[in-house]
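Worksheet for the structure shown next.
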There are 2 protein chains.
Amino acid sequence: MAPIDDQPFLQLHPDDDIVIARRSAPAGTAWIAADGQWQVVSRESIDLGHKMAIRPVEVGQPVRKYGQLIGYASTAIEPGEWVHLHNLGMGELKHNYEFSTEVPAPPEPITGRTFMGYRRPDGRAATRNYIGIVSTVNCSATSSARIARHFDESILSDYPNVDGVVALTHKGGCAMEFDGADHRQLARTLAGFAKHPNIAAYLVVGLGCETSQASYLANSQELVQIAIPGQEPDHLPLTMNIQDVGGVAKTVERGIEVLKEMLPEVNRAEREPIPVSELILATECGGSDGNSGVTANPALGIASDLLVAHGGTVILSEVPEIYGGEHLLTRRARTPEIGQKLLERIRWWEKYAKKFDATIDNNPSVGNKRGGLTTIYEKSLGAIAKAGSTALQDVYEYAEPVTSKGFVVMDTPGYDPPSVTGMVAGGANVVVFTTGRGSCFGCKPVPTIKVATNTPMYERMRDDMDLNAGRILDGASLSEVGQEIFEKIVAVASGEPTLSEAQGIGDEEFCPWSPGPIF
Amino acid sequence: MAPIDDQPFLQLHPDDDIVIARRSAPAGTAWIAADGQWQVVSRESIDLGHKMAIRPVEVGQPVRKYGQLIGYASTAIEPGEWVHLHNLGMGELKHNYEFSTEVPAPPEPITGRTFMGYRRPDGRAATRNYIGIVSTVNCSATSSARIARHFDESILSDYPNVDGVVALTHKGGCAMEFDGADHRQLARTLAGFAKHPNIAAYLVVGLGCETSQASYLANSQELVQIAIPGQEPDHLPLTMNIQDVGGVAKTVERGIEVLKEMLPEVNRAEREPIPVSELILATECGGSDGNSGVTANPALGIASDLLVAHGGTVILSEVPEIYGGEHLLTRRARTPEIGQKLLERIRWWEKYAKKFDATIDNNPSVGNKRGGLTTIYEKSLGAIAKAGSTALQDVYEYAEPVTSKGFVVMDTPGYDPPSVTGMVAGGANVVVFTTGRGSCFGCKPVPTIKVATNTPMYERMRDDMDLNAGRILDGASLSEVGQEIFEKIVAVASGEPTLSEAQGIGDEEFCPWSPGPIF
Ligand SMILES: [Ca+2]
Ligand SMILES: [Ca+2]
Ligand SMILES: [Ca+2]
Ligand SMILES: [Ca+2]
Ligand SMILES: [Ca+2]
């Protein structure tokens, strides 16, 4: 356990103009800078989670948190003052998108660090070694699940290098436009899993008459079957339709035979040192609470920045939760075109909400404001913080293969299962999931590290929470917890099971996103 | 096996002006009426599935198939003529909705027939005896499925009257508007299963922070827990949240304990004679082919009419497949208000499609026309035929409790899993599913009888097809196959397992319909 510091205030970033009260602090409470040379005393009482200025800010000047702009001083602010709705406003930013005006310099590269992963024939790096059953439509879900379920511990114990067999079953796949937007997105998602490096071999199982045809999937996504040395290249079938095979029982029987042939070949895979730059991290938050933006999310941001410094990739998704804070990301976009790509996704969500006469309201709620959140930028940054502070390198559509290094955005809903499904389909090989209320999410075939935002929940859900960022409220430093998350990412990528993996969670959470319509 | 008649033509209903070619018939082929007293000889060749007139029809006069209007003669039609696009049109009907202008007289009541079912404390009739785990959100799906999976054959064999434990898991439950249309519809669906007579006892399992709160579900839907004699009324919990219990492992453990207490009580249920009038039949077609409207659907229609004559209930759903033929149902509506309720659902679908710049195109395609379908009425009737020919008694929204007797419509998509889910949530206690391509659908906790439209598919998928309506093409009469379906409904309602039940299918097909939006 790291030494606990009893500072009443927490500084989230060295560039910040404010610090956050770790507990309610009466007037006269002192914050002392890390170097011990700088001290600010509160001029009024500052509630838990609220902000105190540590530098003077002139009227109209930016105020920074997470090292980033959260608004502009609406009156002059003195060190020690409470910073909230009465002296912090949104200024002109919301009417003026700026593109690539604040692109952070690349972090100092860190080289030489490796993890123990699997190197696949196509050159990509895997963190797990699974066999997948890809179900094209709900109508083949039962058959797919049965094939997977056959391979229980009694069989898999003979194949120690195989992590498991996962059936990727879902509720969609028909009653949509053939080759329409939803069909193409589903195909991209299914193919993203089939081709995922963590899936060493797979079988596509369809019904036969569905819109989401197995043949369309295989052809449009250029799927190919696992190669078995000494066998014909097309020795094993790529796809199997229940209607061709003659029903559920025959399909399950034949599917099991196919997988039995795959097992020895998949079991040949062995872990080897692979540069950490080949990790693709999916970041997610779910069941957030008032601590998320103060503890787990900025700590994950530090881990994200470390991974980018190592040459790796970090994906931020959940666009409805970025909403209203996209102004901050467009300024960090490597090029104005990348900033525009993000705005296109934001416009898509506005149009989508409008179809249903709904709105995307990411403004701080009454409860958020009571908890210390002042502006929509600050609230959005609480989510954006997960992905760190580096330049935005690219923007991807849902389940699109992620090929850039560094920090990227993928367009997904905020809802956890389709969000993670999209990022994993895009190639993420490790997931870090921050949670305040206590999500029990797991995903196959990619490990998910769950980070609690607060100690009481961490203690209550010890079976499911891998790390406790609530330590930050108890006095641990952000950088210490950020470093801990980074080390956990490397360890888990190397084979250390997460708590959700140890419990075998991840068969129910595959959830391709379909905006509709369904007829 | 019933005697095979080698008539080249098939009459679908005694009121019909046309008969259907069972095989391609050259000019000069005779159709002989069932009484042997009436004969019509074809004046030209009639292709397989196409229509031949058996009565003269004057210009502008209605032409009937399934005993119902499929269009108007656009030229005078003589007996023996081929009836298709050249002499049959849509007339004025499409611009003029008529309400309750052709309400069929109630069928001659048939009394005294019973099935062996379970009588529940609330008075409703069950056909199966299950325990359910109702998962409020995808985030509790793993825990729910694990509780159910614990109760395998080794445990259930001690409780012979219990048909099984089903986990009702799904992909939704969060990232939607609280108390909005989707949330209310999901609550109605989950509650429809919880309260379903086939579910003798249930446990609601939630995560804790989801929009689809277990407490909202229990309160808004007035859920109550199973009563155990000699115990406090609230002895067993109604709902359980993972975040309160402290994680997946503890929730699964506690859920298993709760179900263990339920099992002896649920096992007490015994079958007893119950009037067939208490059967609520869900009709569904999926993977349809050119035979659906000639064999399985009209044969199911005869079974539906028999069930209505016995005082039972028949649900037709799949509104996008009724589309364009709603004119025929508004004429059969018991009151104009009921006809208007149907039109409101039709208008909803038009608006829904328009949101996505899509259209609901149910017009006969080039292939449909080549197969003998002339008008959109005829095509829609091919689907509507499943529910028989009696008066439309009411129209229900998705998953709304069905309380009427007779033939009713429920608004669902055409997509099989959400369609059947809605009807079962509404109280259907037996499902008949017609299929041409070969669907392998099964549903828990309600049995599904699958009826093949053609003999080759029936033979190929013998493990999954309960009945073969393809016999109608081989010469069996519609009424004979309709009677066979009715008898199968009664036998299955009384406990005879369907082929999908014998195989244990139905854990993956629970699929609440959510039109969106999801954020
Ligand atoms: Ca193993
Ligand atoms: Ca692969
Ligand atoms: Ca989320
Ligand atoms: Ca019940
Ligand atoms: Ca259907």
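The values are calculated or read from the model by the stated rules, or taken from the named source; none is laboratory data. Note that the coordinates shown come from a computational prediction; the quantities given were computed from them, not determined experimentally. Every residue, glycine as well, gets a Cβ built from its backbone with ideal geometry; the counts of neighbours run over all protein chains shown.
Candidates are the residues of the stretch A:237-267 that are under 33 Å from the mean Cα position of the chain (by Cα) and of a type in the set (S, T, N, Q); the one that is nearest to the other protein chains (Cβ to nearest Cβ) is A:T239.
Just to be sure before I move on: is A:G367 surrounded by 22 or more Cβ atoms within 10 Å (Cβ to Cβ) and at negative phi in the structure I sent? Considered against the rule, which asks whether it is surrounded by 22 or more Cβ atoms within 10 Å (Cβ to Cβ) and at negative phi, A:G367 comes out as no. For the stretch A:333-355, the criterion of being outside any helix (DSSP H, G or I) and within 14 Å of chain B (Cβ to nearest Cβ) is met by no residue.
For the residues A:G293, A:G287, the requirement of being within 16 Å of ligand 3 (Cβ to nearest atom), under 27 Å from the mean Cα position of the chain (by Cα) and at positive phi singles out A:G287. Filtered by the rule that a residue be charged (D, E, K, R) and either in the same structural domain as B:K444 (by TED's automatic domain parsing) or more than 16 Å from ligand 4 (Cβ to nearest atom) (or both), the stretch B:183-226 gives B:R184, B:E210. Out of all the residues in the stretch A:268-284, which are assigned to a strand (DSSP E or B) and either over 15 Å from the mean Cα position of the chain (by Cα) or of a type outside the set (A, V, I, L, M) (or both)? Of everything in the stretch A:268-284, those that are assigned to a strand (DSSP E or B) and either over 15 Å from the mean Cα position of the chain (by Cα) or of a type outside the set (A, V, I, L, M) (or both) turn out to be A:E272, A:P273, A:I274, A:P275, A:T283, A:E284. More than 14 Å from chain B (Cβ to nearest Cβ), closer than 27 Å to A:H84 by Cβ and in a helix (DSSP H, G or I), is that true of A:K379? Yes.
Flag set for A:E177, criterion: more than 16 Å from ligand 3 (Cβ to nearest atom) and either free of Cβ contacts under 8 Å to residues at least 12 places away in the same chain or surrounded by fewer than 18 Cβ atoms within 10 Å (Cβ to Cβ) (or both).
Okay, residues lined up against (1) at pLDDT 95 or above; (2) within 16 Å of ligand 1 (Cβ to nearest atom); (3) not in a loop (DSSP other than H, G, I, E, B):
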position	(1), (2), (3)
B:L217	yes, no, yes
B:L223	yes, no, no
B:P264	yes, no, yes
B:G290	no, no, no
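From the list B:Y377, B:Y415, the lone residue that is closer than 29 Å to B:A53 by Cα and aromatic (F, W, Y) is B:Y377. Taken over the stretch A:339-356, the residue count meeting the criterion of being among the hydrophobic types (A, V, I, L, M, F, W, C) and closer than 13 Å to A:Y97 by Cα is 3.
A single member of B:G442, B:G427, B:G406 is within 17 Å of the chain's Cα centre (by Cα), touching a residue at least 60 places away in the same chain (Cβ under 8 Å) and under 26 Å from A:P517 (Cα atoms), and it is B:G442.
Could you tell me whether A:C174 is assigned to a helix (DSSP H, G or I), within 16 Å of ligand 5 (Cβ to nearest atom) and hydrophobic (A, V, I, L, M, F, W, C)? For A:C174, the condition - assigned to a helix (DSSP H, G or I), within 16 Å of ligand 5 (Cβ to nearest atom) and hydrophobic (A, V, I, L, M, F, W, C) - is not met.
Of all residues in the stretch B:192-216, none that is free of Cβ contacts under 8 Å to residues at least 24 places away in the same chain and over 13 Å from B:F178 (Cα atoms) has its Cβ atom under 9 Å from the Cβ atom of a residue that is within 16 Å of ligand 1 (Cβ to nearest atom) and of a type in the set (D, E), 6 or more apart or on another chain. From the list B:G80, B:G49, B:G67, the one residue that fits, being farther than 30 Å from B:V162 by Cβ and over 33 Å from the mean Cα position of the chain (by Cα), is B:G80. Reported count of residues in the stretch B:232-251, each being in a helix (DSSP H, G or I) and either in contact (Cβ under 8 Å) with a residue 24 or more places away in the chain or of a type in the set (A, V, I, L, M, F, W, C) (or both), is 7.
Quick grid of which residues meet (1) among the aromatic types (F, W, Y); (2) within 14 Å of chain B (Cβ to nearest Cβ); (3) within 23 Å of A:E253 (Cβ to Cβ):
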{"position": "A:N129", "(1), (2), (3)": "no, no, no"}
{"position": "A:A141", "(1), (2), (3)": "no, yes, yes"}
{"position": "A:S144", "(1), (2), (3)": "no, yes, yes"}
{"position": "A:I155", "(1), (2), (3)": "no, no, yes"}
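Out of all the residues in the stretch A:460-519, which are of a type in the set (K, R) and within 14 Å of chain B (Cβ to nearest Cβ)? Hits for the stretch A:460-519 are A:R460, A:R462. The condition of being surrounded by fewer than 24 Cβ atoms within 10 Å (Cβ to Cβ) and either under 23 Å from the mean Cα position of the chain (by Cα) or within 16 Å of ligand 1 (Cβ to nearest atom) (or both) holds for only one of A:E108, A:E153, that being A:E153. Among the residues of the stretch A:357-373, the ones that are outside any helix (DSSP H, G or I), of a type outside the set (D, E, K, R) and free of Cβ contacts under 8 Å to residues at least 12 places away in the same chain come to 3 in all. Considering only residues in the stretch B:296-326 that are of a type outside the set (D, E), within 14 Å of another protein chain (Cβ to nearest Cβ) and not in a helix (DSSP H, G or I), the one that is farthest from ligand 3 (Cβ to nearest atom) turns out to be B:G324. Where residues in the stretch A:332-344 are closer than 24 Å to A:D305 by Cα and of a type in the set (D, E, K, R), which of them is surrounded by the most Cβ atoms within 10 Å (Cβ to Cβ)? Ranking the candidates gives A:R332 first. Hey, does the stretch B:182-190 have a residue that's under 23 Å from the mean Cα position of the chain (by Cα), without any contact (Cβ under 8 Å) to a residue 40 or more places away in the chain and away from chain A (no Cβ under 14 Å)? Yes, the stretch B:182-190 contains at least one residue that is under 23 Å from the mean Cα position of the chain (by Cα), without any contact (Cβ under 8 Å) to a residue 40 or more places away in the chain and away from chain A (no Cβ under 14 Å).
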